[in-house]
Structure formats: C-alpha cells, structure tokens
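The values are calculated or read from the model by the stated rules, or taken from the named source; none is laboratory data. Please read all numbers here as calculations on a predicted model, not as lab measurements. Cβ: placed from backbone, ideal geometry, glycine included. Neighbour counts: every protein chain shown. Keep in mind that these areas ignore ligands, DNA and RNA; they rest on the heavy atoms of the full protein, side chains included. Shrake-Rupley method; radii C 1.70, N 1.55, O 1.52, S 1.80 Å.
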Amino acid sequence: MRSTFTKAMLVLVSGGLGAIAAAAAPRPAADQPKTMDEVIDRVTTNENQLNQDIRKYAPLVETYIQNLKPDASLGFVPAGDKYFLGKADFAKGVNLVSLSDTDNKGKKVFHGVGNFFSFAMQYLPDGFLQMIFLDTNGFDKQHYKFDYVKREFLGEVRCLVFDVTPLPKSGKGRFLGRIWVEDQDYHVVRFNGGYGGGGKSTWYFHFDSWRTNVQPGMWLPSFVYSEEKELHYALTKKLDFRAQTRLWGYNIGHNAQEQELGKLLVETAVQDDSKTNNDLSPVQAQRSWDREAEDNVADRLQRIGLMSPKGEVDKVLETVVNNLEVTNNLDIEPDVRCRVMMTTTLESYTLGHTIVLSRGLIDVLPDEASLATVIAHELSHVVLGHRMDSNFAFFDQLLIDDKDSFRHFGFARTPEEEKAANDKAIQLLNNSPYKTQLGNAGLFLTALDARQKELPNLISAHLGNRVPSIAEVKANQTVDQKVNPQLIVALPIGGRVKLDPWYDRLDLLKSKPVGAVAEREKMPFEVTPFMPYLTRFGNDATKPINASAAGTKTPDAAANANAADPNIVDPNAPPAKP
C-alpha cells in the first residue's frame, strides 16, 4: 500500500491540495481544506487548541541529561549526568511538581549525585518541558511564515512537511525549524528546531519533539530529544550534551475504571465457594497479610504512574524466574511475580515476593543471561526470607501526596542482606540454564562499574538498590573483547522497551537488524535520539512506537553476544529442565 501511495504522490505533487486530499483516506469534501492557506489555518487552529486541551492532563515528565566529552576513537562519550522526574502542571503555564528532588528553597532542580564532571551551567527542568510546545504565545500566520517542503511518511503516518520561520519583530522565544503535519486532521506530530532570541544568560537548546496518537484525533507530546555541541558560555566554557525527555501517565487513574465493569461482568459468572474453604493457619494468614502489603504498594505505584500495568515485559521476566525456580527445585509460596518501574534510572528491588526492575535497566541489559543475573539476585532475597514492611497492609500508609512518593517508600536492602543475596544468586545461576553464559553478564557488570563515576545519576536508585555487583560473575567475564568486535556489553538507553504514554504500557521493541555495528555505534548506557514509528490510534497493536536504531544489532551480533534480540526470552516457552 505504501508503494501505491508513493507513486500517487509523485504523479500528483503539482496538483495542489486537491491532489493531497484525493490520496488521503476518504473524507467528506466539505471537511477537507481546498488550498494551502486553509491547511495552515487548520494546523494553527489545532496547535493552539492543543495548548488549551493539555491543561486537562498532568503527565509524568522525566528528563535525563548526559554531558559529553570528546574521545579520540569513539567521538563523544558521557562525562556527567543529571536526572529529573516530575509531574506537569499546565494550569498556570509550563510548570512541574518535582518527584525526584528539590533544593532547600523548594525550587525544582535536577537530581544530582555530585561527581567530577558536574555541570557548571544551571539547567531548568521546566525548560525541557517547554519543548513539547511549538509556541505557547500563539502559533499563527500573523507571527510565522510557512513554506511547504514535501510529503513524508513517519512510520505509517503520511505527513506534510513545512519549514516554519518567525516573521520580523515577532518577539523572543519563537520557534524556528521544521514541522510534520499528519494529512487527515492536520495535527502537528513532530517538530525539529529551536526557539530564538535568547539573551546573555539564557540559552535555547535545539530539540526534536514527537507526539503520539493516543486517542482518535488526539496527538499528545511523548518524546523529546535535545542535543548541543560546543555551545559556548561564560567566555571560555563550552557545553556538549544529549538529553531525553519522556512523558507518560496522561490517563492515570482512568485505566482501571475503564476495565472494572468488564471484570465485574466476568466475575459474576464465578460461583462463590467461600463456605467450603478452610480457615487460614497462622502461617497462611501471615503470608496473606504480607501479600496484601506488596499488592497495596504495587497498586499505589501504578496509580501514580511510577509502575507499569501488568503486560508483555512482566511475562518475559517471569519466564526467567520460572527457569531459575525449576532448575533449582524451588517451590515458593506465594508465587513470585515481576513488575516494571517506568523510570530510566537503573535499579531493582523486591516487594515481598514481587521482583521489580526499572525500564531503564531492562533497556540496557545486553542478553538473557545478564537479565537472569539481576533476577537471580532479587529472587535470592525472596528465598532467604528478606521481607518488606508489612505495615503497608494498612491502607492509610499509602495515602500520601505524589510528590512525597520517593521519600515515603524505600525498599533498599542492608549490605548484609545484599551480600547474602549475591552468594545465593551464584548458587541459583550455577544450577540454571545460564551457567555457561555468565561471561557476558560479567562484562555488563564490569562496564557498569566503569561508568559509575561518569553516570552516577543513571546508576543510582530511587526506591531500591543499584544493580548488584556480583564479584563471582564479573570474574567469569570474557578476557579479550577484541576476539569478537560485535560483542555488545550494554545497550543504549531505549534499546529494548517502548512506552505507550496514554496507557503506560511497556512493550518490547520490534526493530529490524542494522548490519555490522561499529565500535562507536555501540554506545553502552548512552542517550540516543528518538525515532518513533508513528501509527494512528487503533492500528498500533503490532507496530513499535519507539524504535531507536541504536538499540538494534545483526543476527550474528545476537548470536555472538547472546544478547541482541529483545525477544530472546519467550514468555510462552515451557520451563527449562534441570
């Protein structure tokens, strides 16, 4: 179908907007613009309406920045980082309520574990959120010049492309760059450029901003990539950085409501057999109480947008858990479950018998054995009986403000518990199907330790512990990586998982191999641009929405690194046998 569209565009390109409408999906003639001026009017009307409509939402906003330094062989490598997680408040402009950190005056700041590479320039989290808007002061023909460029597909969405230039005397902070407009309702789905007119103490960064079709006729901001090279400030200083901003949680609190009626209808057909069940013994009652505590915490984290609903990625993690349990003859009650945090920072922890990994950690893990190493450590906490605070079974312990979540919850283990879990994890791994594949896991843990100084904010944890550094696993690493130049020790951020900003759903990327990967293209733990595969609402069940090319590798690389294919763990596969 795309080939047919392409031919039609080549033939009709000189036919004006009537040709564009003819090639688009069928619509009533009266609903379609007839001239390019009418198209621009529709675009500006939609954009200004978005500026009003978005005030109804309070999505979570996460910005992660990596400072860069030149490297002779790799081009640029990380040299310091900053992190911010907050909740948008558009009621009075572009504002954020911090969830991760504030200074002693309550001012929003980037979460900063100090290091040698700390930034000298002060970043404003609100400034990165601003990049989801073309112009909050009015986007119209009175302030901008629009030049039609071409038509182009972004994923499966056909777009009209315009270059946008502020008119003289339009004022500071106006957008200068290129916009992509989907050709059915004429919403802006991507814009690339920057704001102009910054003063001596204010800099506007270049950015590439993307939107997702989350509901019919609704395109909401989802991803922003920003990059600067050799930005000079303070006379002799210059700045090089890359940053990713993600938004999600637009529909927080409503997903469960939408599904509840369907659940009730199904459950009415289930017969109540409570009268035939036995009473709980004290041990069973304690287990039930602990389970209620972990369920309460998981539900609370999901309701505020910090934890993803149960989905595809959870099943992948639980498959690894099952492999470890079966090959170690473990019979754990209640069953061990897995959940995923929505955040980028690399961390893992347990909520009773629930193992939790962050999206960012799953993103950078290179292979199934590395994933199994992290999960084996957390499973060891379960096996060793390291419990969580059962006081969370009292529901009033969960009635807190969202901004206090990181201060209220904490699931980090003591050094003694961590050491015991490391020792037990080695036993589990040595009896598992992964025992001959721990060399790559050792390389991953070694690479993580090597980046600790440059990326302390990525590697630090908010609710749990940082990735466990298991000495015995690191000792098993491959001695010489030069033997296999395609070996991947860690993926870039965004290398495995895609994010749905409306339902907070996490899915695995489905991306194509890219051929041989040069050394400077491996980019372990690094920030890369967003290149979403855009789809229209209702037609994205099997399409990736956040397929970063940097996170893909060749079949050979997958075989050699035992790592590259994000579908390497099959959640529907039978359990591994001893």
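Of all residues in region 29-47, count the ones that are open to solvent by 50 Å² or more (accessible area, probe 1.4 Å) and out of contact with any Pro (no Cβ under 7 Å at 6 or more places or on another chain).
Counting residues in region 29-47 that are open to solvent by 50 Å² or more (accessible area, probe 1.4 Å) and out of contact with any Pro (no Cβ under 7 Å at 6 or more places or on another chain) gives 10.
Quick one: how many residues across region 414-428 are open to solvent by less than 30 Å² (accessible area, probe 1.4 Å) and touching a residue at least 60 places away in the same chain (Cβ under 8 Å)?
Of the residues in region 414-428, 1 are open to solvent by less than 30 Å² (accessible area, probe 1.4 Å) and touching a residue at least 60 places away in the same chain (Cβ under 8 Å).
A quick yes/no check of all residues on (1) in contact (Cβ under 8 Å) with a residue 12 or more places away in the chain; (2) more than 18 Å from Trp210 (Cβ to Cβ); (3) surrounded by fewer than 18 Cβ atoms within 10 Å (Cβ to Cβ):
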{"position": "Pro166", "(1), (2), (3)": "yes, yes, no"}
{"position": "Gly173", "(1), (2), (3)": "yes, yes, yes"}
{"position": "Tyr186", "(1), (2), (3)": "yes, no, no"}
{"position": "Val189", "(1), (2), (3)": "yes, no, no"}
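Only one residue in Lys403, Lys435 is open to solvent by 60 Å² or more (accessible area, probe 1.4 Å), touching a Leu at 6+ places or on another chain (Cβ under 7 Å) and over 22 Å from Ala372 (Cβ atoms). Which one?
That would be Lys403, the only listed residue that is open to solvent by 60 Å² or more (accessible area, probe 1.4 Å), touching a Leu at 6+ places or on another chain (Cβ under 7 Å) and over 22 Å from Ala372 (Cβ atoms).
Within the set of pairs 6+ apart or on separate chains, which have a first residue in region 123-141 that is within 23 Å of Lys169 (Cα to Cα) and in a helix (DSSP H, G or I), a second that is of a type in the set (Ser, Thr, Tyr) and open to solvent by less than 50 Å² (accessible area, probe 1.4 Å), and C-beta atoms under 9 Å apart?
Gln130/Tyr195; Met131/Tyr195; Met131/Ser209; Met131/Ser226; Met131/Thr245
Those residues that are within 25 Å of Thr436 (Cα to Cα) and either touching a strand residue (DSSP E or B) at 6+ places or on another chain (Cβ under 8 Å) or acidic (Asp, Glu) (or both), I need them from region 316-340; list them, please.
Val316, Leu317, Glu318, Val321, Glu325, Asp331, Val336, Cys338
Taking into account only those residues within region 405-446 that are modelled with pLDDT of 90 or more and among the charged types (D, E, K, R), which is nearest to Gly86 (Cα to Cα)?
Top of the filtered list is Arg413.
With the requirement that a residue be closer than 16 Å to Glu417 by Cβ, out of contact with any helix residue (DSSP H, G or I) (no Cβ under 7 Å at 6 or more places or on another chain) and either of a type in the set (Asp, Glu) or outside any helix (DSSP H, G or I) (or both), what does region 357-385 give you?
Within region 357-385, Glu378, Gly385 meet the criteria.
Go through (1) out of contact with any Leu (no Cβ under 9 Å at 6 or more places or on another chain); (2) farther than 24 Å from Ser222 by Cβ one by one and return the number of the condition Pro166 breaks.
That leaves (1) as the condition not met.
Go over the candidates Ala30, Ala88, Ala120, Ala21 one by one and state the one that is out of contact with any Gly (no Cβ under 6 Å at 6 or more places or on another chain), of a type in the set (Gly, Ala, Ser), modelled with pLDDT under 90 and not in a helix (DSSP H, G or I).
Checking each option against the conditions leaves just Ala120.
Within region 311-331, is even one residue open to solvent by less than 40 Å² (accessible area, probe 1.4 Å), more than 20 Å from the chain's Cα centre (by Cα) and under 22 Å from Ser390 (Cα atoms)?
No, every residue in region 311-331 fails to be open to solvent by less than 40 Å² (accessible area, probe 1.4 Å), more than 20 Å from the chain's Cα centre (by Cα) and under 22 Å from Ser390 (Cα atoms).
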